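Chemist: First, the structure itself, so that you have it in front of you.
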Amino acid sequence: MFDLAAIPGNADDPGKSTRFWGPMTQKSVRSQLEPGDFAFFYPLPDDDESEGPPLAVLLNCAYLSSKNRFHVFPVSSGRQGWRVEIGERLMPVFSTLSQLIRHHEIHSYLCLETRVLENFPVFASSRGSAEVTNPVSSSDSSSLSDTRPSKKNH
């Protein structure tokens, strides 16, 4: 487990996060996620015979959807802050990484077709285009049936 306070832009979070797993292979991250769960990690090569560590290691977000589909999204930081990059979709920006993590722990996206909540907009309609509503806060979703499995702490 890594200390989020050691990452630039996270001085407001002196504790540890169970969502930040540090350097890991995608295969290892995938094996530890449960449906509806996500984690932030620095990807290492899956290949045991690689020629050493990569020259640049960028932060990624891994997400296992409720349909058991594994997704890896790059995480970017800039003048405005931190964001998870999901295709062409404009995702919210946060001044610290801990705020970004907290947002995705609290907010969900509703698939209009299946009425399933996901932490990230990873579904497409039967017409092939992404079809999601605005993020749903957990406090606003009392009338929706949350079909996500319960989450375990890592």
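The values are calculated or read from the model by the stated rules, or taken from the named source; none is laboratory data. None of these values were measured; they are calculated from a predicted model. So basically every Cβ, Gly included, is an ideal-geometry build from the backbone, and we count neighbours across all protein chains shown. Side chains included, ligands, DNA and RNA excluded: accessible areas come from the protein's heavy atoms. Shrake-Rupley method; radii C 1.70, N 1.55, O 1.52, S 1.80 Å.
Chemist: Inside segment 59-94, can you point out the residues that are more than 18 Å from K27 (Cβ to Cβ), charged (D, E, K, R) and either open to solvent by 70 Å² or more (accessible area, probe 1.4 Å) or assigned to a helix (DSSP H, G or I) (or both)?
Modeler: Result: K67, R79, E88, R89.
Chemist: Moving to a separate point now. Could you tell me whether any residue of segment 95-114 is modelled with pLDDT of 90 or more, over 14 Å from the mean Cα position of the chain (by Cα) and either open to solvent by less than 60 Å² (accessible area, probe 1.4 Å) or not β-branched (V, I, T) (or both)?
Modeler: yes
Chemist: Something else now. All but one of (1) within 18 Å of T18 (Cα to Cα); (2) assigned to a strand (DSSP E or B) hold for L100; state the number of the condition that does not hold.
Modeler: (2)
Chemist: Taking segment 31-47 only, how many residues are open to solvent by less than 30 Å² (accessible area, probe 1.4 Å) and not in a loop (DSSP other than H, G, I, E, B)?
Modeler: 5
Chemist: Can you tell which of A56, A5 is assigned to a helix (DSSP H, G or I) and either surrounded by fewer than 15 Cβ atoms within 10 Å (Cβ to Cβ) or at pLDDT below 90 (or both)?
Modeler: Sole residue among the options that is assigned to a helix (DSSP H, G or I) and either surrounded by fewer than 15 Cβ atoms within 10 Å (Cβ to Cβ) or at pLDDT below 90 (or both): A5.
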